[in-house]
Every structure is written in C-alpha cells, then in structure tokens.
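To start, the structure under review is shown below, and the notes come after it.
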Amino acid sequence: MNQVDYLRISLVDRCNFRCQYCMPEGADLTYALQQNVLTQDELLLLLQDVFIPAGFTRFRLTGGEPLIRPGVVDIVRAIAQFPETQDLSMTTNAFLLAEMAKDLYNAGLRRINISLDSLQPEVFDAIIGHHGRSRWQQVWDGIQEAYRVGFNPLKLNVVVIPGVNDQEVLDLAALSLDREWHVRFIEFMPIGNDYLFSDRGWVSSEDLRQRIRDRWGLTDGQVRGNGPADVFKIPGAKGTLGFISQMSECFCDRCNRMRLSADGWLRPCLLNETGQLDLRTALRSGVLLHELRQQVRELLMLKPEINYKERDSGTTGTYSRTMSQIGG
Ligand code: SAM
Ligand code: SF4
C-alpha cells in the first residue's frame, strides 16, 4: 500500500488568471466566503497538530493562485521550519514570481512548478483569458528569476489542449534541451470545463511522446519521481520531459496525496467526494485536536477504497468542481 504523506494545500481559491481549462470566463464560479478561508494560524495549527502527527511530511502550496494569498512568504517560512517537513513546494502561474522569487527562496521554498502553456504571447493570453497588454513576458521573467535565485528543480507544467497549444509541444519540449528544466505535459481533464472539453477533447501522452521521438528520439529518464509523472529525456538534454497521463492511464493505485482546500475541506481524492472532512468547522466548533487527528488517521486507512476507480468501468463524466476550488 502506498504511504500517503503528501498534502496539497490550497492557500486561496481565487486567481488572477482565468485559464480556459480551469476557471473559464463567464463560468458560474462560487468562491469560498472570506470568513471561511482558513486563517494562517488555523492552517499552521492543523499542520503542526493534526497532519504532521498523522504522518504527513511533504507539502505543496497551490490554489487558485498561491502568490495572491496575503502572507504567503510567512506561511512558507513557517512550514519550512517544521522539523518534520521533508519537502515543501509550490505550484504557481508565475505572474507575481519575478518580484517574489527571492523572498520565497529565502523563506525556505526550494521547489517550484510553474504553469506555462504556450511560448506564443497571443496563444498564452487566450488560454489564460486575458485581454489587453500581454502577460506572457511577465510570466517568462518570473520563470527566469526563479531559475536565477536557485529554484532547482524548476518544473514547467503544460496542459495540452488540441487545436489550442498542441502544435507547440516540440517548442515546449525543446526548453529541456539546454537548461535543467523539467517540462511536464499534463493530459487535459474534464474538471469544471464541460464546454471546452467536449469541444476539443484531449491528446494522449503517448501521442505527444511519439511526436517528440520522431523529432529527437526519447530515452527513459533515470528519474522515477514520487509523483504521477512518467519521466523521459531527449538524448543529451540537460532537463527531462514528464508526462502526466491521468486520462489514458489510471494511476489511482499509486496515489500518495490528499488535498486541503482553502476553506478547510480535506479531500482524499480529486475526483470523488467520499470521506471528505470539514476541518474548518470542526476546528472552529471546538472539536479537540486529538480527535481531528484520529479522524484524519481513519481517513488515511480508508483512502485505498476511496480512490477513484470508475474510469476503469468506462465512466466519462465531467466533474463540476474545478481544480482551483479543490486545490489542484
Ligand atoms: N494557479 C497555479 C497554477 O496554475 O500553476 C496553481 C493551481 S492550478 C489549479 C494547478 C495545476 O492544475 C496547474 O498546473 C494547471 O495547469 C492544472 N489544471 C487545472 N485545470 C486542469 C484541467 N482541467 N486538466 C488538467 N490540468 C489542470
Ligand atoms: Fe488560475 Fe492556475 Fe486555474 Fe489557471 S490553472 S485559472 S492560473 S488556478
């Protein structure tokens, strides 16, 4: 059985982008009420007195967009200082990264994943739902600054959408040639984006690998990460190419994570609400920390049964809650 020791923490469910595949413009998104978002003290208390004693040692800060959370640098510092923390990372759209990378690094963050779906400013802006002066350059500057201050590994996440950015797959893969960057292609999932998904569908990782193989060849990388990515390498490249294939391949049996939403819901599975715990309400209504710890431990035991397996039986439904609401 997989040891579940990895918690993805959503710091905020809002975002300064409106990615078509995540928070499309015009979608009827409901946000957590401000008073329902876990405060910094509540979050740190839950980590220290509930999650760490229950065995969690690896944490990823995500959202929504984690860099718009007030006090994010202080939160990073506090989590990095827990003696039990073995790994602390962040997933960000990098729009605010150029100005924050150094402070985040100095606060103890060492690993960062950045979403970058296109190298073409017009395509990028269309994907993130931005009108007006392009945001691409600021994101690119954020990536360069993160690399400069020492973030290593630096991973770039690309969600591949047919007819939108899949023609750029070779250009994006080429970013791994000369720099120690890890480019990860993520199969587009039908989470909270029914229209775009039914219109465009998705491209399989194997299809992408074939395109890359035809151009440069592709060897198996040495890295078999902890996470869901299958890692390969273009021969001679400095960086690697990862493929996250949750549509073409069910990896529920190697799932090692749980998710804590910004408003304090603990969810054992991205696609399935079975077993979810409302830790915020419990905490605020005075449930004792050792009782919460026990509830989390029990949920850990149940997780293998909760993991989503319906896809094996041919289910192709879409899911109404978006990644930004769950904490992707
Ligand atoms: N705002 C940050 C960012 O974009 O990196 C962090 C939160 S975002 C929800 C986390 C990851 O989820 C991103 O890499 C994003 O590309 C991915 N994501 C969001 N919606 C997705 C979808 N429908 N299918 C596949 N990946 C998705
Ligand atoms: Fe925001 Fe990230 Fe979702 Fe894009 S993928 S809308 S950047 S939360």
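The values are calculated or read from the model by the stated rules, or taken from the named source; none is laboratory data. Values in this document were obtained by computation on a predicted structure and should not be read as measured data. Neighbour counts are summed over all protein chains in view; Cβ atoms, including those assigned to glycine, are modelled from backbone coordinates with ideal geometry. Keep in mind that these areas ignore ligands, DNA and RNA; they rest on the heavy atoms of the full protein, side chains included. Shrake-Rupley method; radii C 1.70, N 1.55, O 1.52, S 1.80 Å.
Suppose every K and R has +1 on its Cβ and every D and E has -1 on its Cβ; what is the size of the dipole of the chain about the Cα centre, in Debye to the nearest 20?
Values: 36 positive and 41 negative charges, 133 e Å.
So the magnitude is around 640 debye.
Restricting to bridges with both residues inside the chain, how much of the DSSP beta-bridge set is antiparallel, in percent to the nearest 5?
Details: 10 of 44 bridges.
Roughly 25 percent of the beta bridges in the chain run antiparallel, per DSSP.
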Q: Enumerate the aspartates and glutamates that Lys303 could reach by cross-link, defined here as Cα to Cα under 14 Å, with residues fewer than 8 away along the same chain left out.
A: Asp5, Asp253, Glu273
Q.
I need the phi-derived Karplus couplings for segment 54-61: 6.51 cos²θ - 1.76 cosθ + 1.60, θ = phi - 60°, integer Hz, Gly and Pro marked x.
A. 7, x, 7, 9, 10, 10, 10, 8
Q) What are the residues whose amide H is under 5 Å from the amide H of Trp181, where those residues sit 5 or more places off or on another chain and H is modelled from the backbone? A) Gly239, Thr240
Q) Using a simple spin-label model with points 7 Å from Cα along the Cα→Cβ vector, what separation in nm is obtained for Arg211 and Asn152? A) 3.1
Q) Of all trypsin sites (Lys or Arg not before Pro) in segment 93-199, which ones are in loop regions per DSSP and have a Cβ with at most 11 other Cβ atoms within 10 Å? A) Arg133
Q.
Spelling out what I want: for every residue of segment 255-271, take phi, set θ = phi - 60°, compute 6.51 cos²θ - 1.76 cosθ + 1.60 (Karplus), and round to whole Hz; glycine and proline get x.
A. 6, 10, 9, 10, 10, 10, 7, 4, 9, x, 8, 9, 10, x, 9, 5, 10
Q: Run down the aspartates and glutamates and flag those whose C-alpha is under 17 Å from the C-alpha of Lys102, throwing out any fewer than 8 positions away in its chain.
A: Asp74, Asp141, Glu145
Q.
Please report, in whole Å³, the volume per residue of the convex hull around the C-alpha atoms of segment 135-221.
A. 125
Q.
Ignoring everything except DSSP H segments at least 4 long, calculate the 222 nm mean residue ellipticity for the chain; use -39,500 (n - 2.57) per segment, divide by total residues, nearest 500.
A. -9000 deg cm²/dmol
Q.
I want to verify a result. In a Gaussian network model of the chain, Cα cutoff 10 Å, which of these has the top mean-square fluctuation: Gly26, Gly192, Gly150?
A. Gly26
Q. Pick from Leu288, Leu270, Leu175: which residue has the top mean-square fluctuation in a GNM of the chain where Cα pairs under 10 Å get a spring?
A. Leu288
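Diagonalise the Cα gyration tensor of the chain and give the resulting equivalent ellipsoid semi-axes, square root of 5 times each eigenvalue, largest first, whole Å. Present the calculation step by step, with values, prior to reporting the outcome.
On the way: eigenvalues 182, 100, 85 Å².
Semi-axes from the Cα gyration tensor: 30, 22, 21 Å.
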Q: Pull up all non-local amide H partners of Leu61: gap of 5 or more, or a different chain, and H-to-H distance under 5 Å with H placed in the peptide plane.
A: Ile9, Ser89, Met90, Thr91
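At 1.4 Å probe size, put Asp141, Asp178, Asp5 in order of accessible surface, largest to smallest. Don't jump to the answer; show the numbers that get you there.
Working: Asp141 70, Asp178 115, Asp5 20 Å².
The ranking, largest first, comes out as Asp178, Asp141, Asp5.
Which trypsin sites (Lys or Arg not before Pro) from segment 209-272 combine a DSSP loop assignment with at most 15 other Cβ atoms within 10 Å?
Values: sites: Arg209, Arg211, Arg213, Arg215, Arg224, Lys233, Lys238, Arg254, Arg257, Arg259; in loops: Arg224, Lys238.
Filter output for segment 209-272: Arg224, Lys238.
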Q | ³J(HN,Hα) computed for each position of segment 236-249 - Karplus, 6.51 cos²θ - 1.76 cosθ + 1.60, integer Hz, glycine/proline x | A | x, 6, 7, x, 10, 10, x, 10, 10, 10, 5, 8, 8, 9
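Any idea what the relative contact order of segment 6-326 is, in percent, if you count C-alpha pairs under 8 Å spaced at least 6 apart?
21
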Q: Please identify every one of the GluC sites (Glu not before Pro) in segment 160-199 that sits in a loop by DSSP and has no more than 13 other beta carbons within 10 Å of its own beta carbon.
A: Glu180
Q. Given springs between every Cα pair under 10 Å in a Gaussian network model of the chain, which of Tyr105, Tyr195, Tyr21 has the largest fluctuation?
A. Tyr195
Q. Restricting to segment 110-254, what percent of DSSP beta bridges are antiparallel, rounded to 5?
A. 25
Q. How large is the accessible surface per residue of the chain, computed with a 1.4 Å probe and reported in Å² as a whole number?
A. 44
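State the extension gain, in nm to one decimal, for the chain segment bounded by Asp74 and Thr57, taking 0.36 nm per residue of separation less the distance between their alpha-carbons. Write out the running numbers ahead of the final one.
Numbers: separation 17, 0.36 × 17 = 6.12 nm, distance 1.86 nm.
Full extension of this stretch gives 4.3 nm more.
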Q | Span-like helix ranges in the chain, DSSP H, alpha carbon extent 24 angstrom or more, Kyte mean at least -1.0 | A | 289-306
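Note the full-extension length gain between Arg110 and Arg284 as 0.36 nm times their separation in residues minus their Cα-Cα distance, in nm to one decimal.
Details: separation 174, 0.36 × 174 = 62.64 nm, distance 3.25 nm.
Difference between extended and current length: 59.4 nm.
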